[in-house]
Amino acid sequence: MRTSRYRDLLALPGAVSFLARTLLGRLPLGMLSLGLLLYVRERTGSFGTAGLAVGALVLGEAATAAVHGTLVDRFGPSRVVAACAGAQGTLLLGLVAAGESGAGAPVLIALCALIGTLVPPVSASARALWPRLTPDLPTREALFALDASTQEIIWTSGPMLVALGAAVAGPVGAVVLTAAITLVGGSLFAVSPVARMRPEPGRQGRRGSALSSRGLRLLLPSVLVMGVGLGHLEVALPALAVDAHADGAAGALLAVWSLGSLVGGVVYGSRSWGWPAHRRHTVFVALVALSVAPLLLAGSVAAALPLGFVAGLFIAPAFSCQFVIVGAMAPQDTAAEAFAWYTTALVGGVAAGVATAGQLVEARGVQTTVAAAIGALLLAALAATRVPALSEADAQRTNNATVGAPC
């Protein structure tokens, strides 16, 4: 593995600081769902109500992500992220105040929906801003691979922090800790030199929609269906542990799955690739499907652990290709909106996959759920074949700044 690419990448001025701020700013994404689930469950005594609250959270995020991206493209990331982080952190504390004062389930669910509408657009902003740091497309591809790999840290450490907060002060402690990290992480991201961007003079006229890009419109269905497959696996892996009478291993199976993605992404980003991103994307999504197939034979947790690692190996490389395609095909001045639409498609797919997988596990069992995941991922690979090649103009666009100039 060529680590020199990462050394060169991290040597770029501001890269390490911006990557660290991005990770901290996105950390609440790995905490919100579980923290709110535990808190609403404690206050109402109902997992059903808690599930509705988390569903409202996800719907709120999906409904407003593109709006946030458009605002970032127009006003720059700093103001938008700071405003969302401040408002969301305050609302999280307001949820605690409402819950502790005896508010009913409708109020708590409504507050969760509002919290979802205020998820700070850190991911979309960061991916739109990377061209400010990277001098050429190959370097940017390595950085996108690092971004895709390190986001696994969010999904593994976030639930651990929720568990820590709950252990110290109960579910209320988990929500308060999430609020604190939201406020601190969002603020640190907003004041970073890279994030303090605004639209350049002369570029603040009428902007088109990111969805005017045919290439982006053709990519999003593949992303959505891939999300469904990944959502199936998020349920199937813990269910496999439960079926094996090893409930405590559910977290370990999800952890090794994430670890596989992290390792695969790091290896992917250390290499130079001579074939175009749209073809790599199709191949890697298909490889995700094929790498999941051995889980059909897992009859124990001991067998599922290494197979779960293998099942994750090609996820971050597929994400990295998607980031490159989105950044290249976004129309001028719409990069943050384009990445927000990407996030909406992926999150929406995962949410749908999780919801339907629960029913599949109960009705048909774990193997059927894994098979459904494979089917969805193969369908995503098929949909990916419709994504057009990046033109020279697309490649050049990723070499230009995408979100204004420094404040």
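No lab work stands behind these numbers, since they all come straight from the coordinates. Just so you know, these numbers come straight off a predicted model, no measurement behind them. Note: ideal-geometry Cβ built from the backbone for every residue, glycine included; neighbour counts use all protein chains shown.
Structure notes:
- Cα-based shape type of region 209-396, given that a ≥ b ≥ c are square roots of the gyration tensor eigenvalues and the cut on a/c is 1.5: prolate
- Phi angles across region 89-98 convert, under the Karplus curve 6.51 cos²θ - 1.76 cosθ + 1.60 with θ = phi - 60°, into 3J(HN,Hα) values of x, 5, 5, 4, 5, x, 4, 4, 4, 5 Hz, Gly and Pro given as x.
- Scaled against 2.2 N^0.38 Å for its residue count N, the alpha carbon radius of gyration of region 178-312 is 1.43.
- Only helical runs count toward this figure. For the chain, summing -39,500 (n - 2.57) over DSSP H runs of n ≥ 4 and dividing by all residues gives -26000 deg cm²/dmol at 222 nm.
- Whole-percent pair-distance distribution, where bins are 10 Å wide, for the alpha carbons of region 1-152: 11, 35, 28, 17, 8, 1
- The modelled label-to-label distance between Arg7 and Val267, using points 7 Å beyond Cα along the C-beta direction, is 2.2 nm.
- Förster radius 30 Å - calculated FRET efficiency between Ser300 and Leu382, Cβ distance, rounded to 0.05: 0.40
- About the centre of its Cα atoms, region 111-204 shows a dipole size close to 300 debye [charges on the beta carbon of Lys, Arg (+1) and Asp, Glu (-1) only; nearest 20 debye].
- Ranked by how many other Cβ atoms sit within 10 Å of their own Cβ, fewest first, the residues Arg386, Arg26 fall in the order Arg386, Arg26.
- In the set (1) 23.0, 88; (2) 24.8, 80; (3) 20.4, 64, the label that goes with Rg and Dmax of the Cα atoms in Å computed for this structure is (3).
- Only Lys, Arg, Asp and Glu carry charge here, each on its Cβ (+1 for the first two, -1 for the last two); on that basis the chain has a dipole of about 1000 debye about its Cα centre.
- Mean Cβ neighbour count within 10 Å, used as a protection proxy, ranking 34-45, 113-124 highest first: 113-124, 34-45
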